[in-house]
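Structure first, then comments.
None of the figures in this text is laboratory data; all of them are computed from the coordinates on show. Being a predicted model, the structure only gives us computed values, none of them experimental. Here the Cβ positions follow ideal geometry from the backbone for every residue, glycine too, while neighbour counts run over all protein chains shown.
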Amino acid sequence: MTTVSADEESSRGPVANRSGRASGGIQLRWWRELLIALVFYLVYSMVRNRFGAGPESRSIAFRHARGVIKVEEWLGLWFEPRLQSWYLALPANGLIRGWNIFYGTAHFVVTIAVLVIAFRLAPARYRFARTMLAGTTALALIGFAAYTLMPPRLLDSNSIYGACAGQEAGCHGYGLVDTIEQWGGLWKFGSGGMASVSNQYAAMPSLHFGWSTWCAITIFVVIGRGRLRWLAFAYPAATLFCILVTANHFWLDAFFGGVALCGGWLIATGFEMTRTRLQNRQPRAGSAGLLRP
């Protein structure tokens, strides 16, 4: 029978089990994690919808969009209109309504599913992943507040949020189509109840891309081995394609979504290092007893 010394065991790091406890002292309660997620999302929604969310921010958002286009043109990568035009010219408009539904649902459904999977299968890694996701979202909120941005789908729209409000649709000639408005999905973000709970100009950075990449990384780490784990990265690739052909984001939005994700990783790393440092300062109960005379 092979025995493992205490030093060897500790060098392996916390080992997860399915009860929500890890050997490194991690204690997770599903109700507490759910409460944290709900509170964080309420704060996120309140902040996101407070800055530059109404039609009165239209001119600022449009000016910023033109700035993004100039940067992409300078890089020789202003290809969004050509990409969408090519895709919508496919038979049945490329079944674009399916991408509209994907855009409106997968963002939340897949992220929640990955959180649950990580909690159940790898609680020792879950906490880092959860903090990384929260940090990414917090950094994105700073971007939403600091850089109100009109998404490509509104550049030629004459809705109250569009750059052509009060004029004919297509007044600026960008050639981009609001696919959700024209072909529909499960809901429309610019009208009805969704208009009151969403920020039309919260486009920079793209949390759709940031969250989907986080999902892929988390699944990759949780599975831990095998070639099939690489398939997880098909999800952010599909999300990137979706946000471009539906004209919900510029590709630069996705780039900075990746930057926000890197920032979330740094935040989670800092939290874990601080937690470990504080734990190491606390005397162990067993060793405390040995020091007594």
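With both labels modelled 7 Å from their Cα along Cα-to-Cβ, the Arg32 to Arg229 distance reads 2.7 nm.
Placing unit charges on the Cβ atoms of the charged side chains and taking the dipole of the stretch 93-222 about its Cα centre, the candidate lying farthest along the positive direction among Ala134, Tyr174, Leu155 is Ala134.
For the peptides 55-63, 83-91, residues were scored by their other Cβ atoms within 10 Å and the scores averaged per peptide; the highest-first order is 55-63, 83-91.
Expressed per residue, the C-alpha convex hull volume of the stretch 60-281 stands at 148 Å³.
Using a/c under 1.5 as the rounded threshold, could you call the stretch 232-275 rounded, prolate or oblate? The axes a ≥ b ≥ c are square roots of the C-alpha gyration tensor eigenvalues, and prolate needs a/b larger than b/c, oblate otherwise.
Values: a/c = 4.99, a/b = 2.37, b/c = 2.11.
Taking the square roots of the gyration eigenvalues as a ≥ b ≥ c, the stretch 232-275 is prolate.
By per-residue mean of other Cβ atoms within 10 Å, what is the highest-first order of 38-45, 246-253, 203-210, 218-225? Spell out each step's value before the answer.
Details: 38-45: 12.6, 246-253: 24.2, 203-210: 27.0, 218-225: 15.8.
Sorting 38-45, 246-253, 203-210, 218-225 by mean packing, highest first, produces 203-210, 246-253, 218-225, 38-45.
In the neighborhood of Asn248, defined by Cβ-to-Cβ distances under 12 Å, what is the net charge if each Lys or Arg adds +1 and each Asp or Glu adds -1? Provide the component values of the computation, followed by the final result.
On the way: positive: Arg153; negative: Glu80, Asp178, Glu181, Asp253.
Charge balance in the 12 Å sphere: -3.
Extension gain, Phe40 to Phe271: 0.36 nm times the residue separation minus the Cα-Cα distance gives 81.5 nm. If you take all other residues with their beta carbon under 14 Å from the beta carbon of Asn158, and give Lys and Arg +1 and Asp and Glu -1, the sum is -2.
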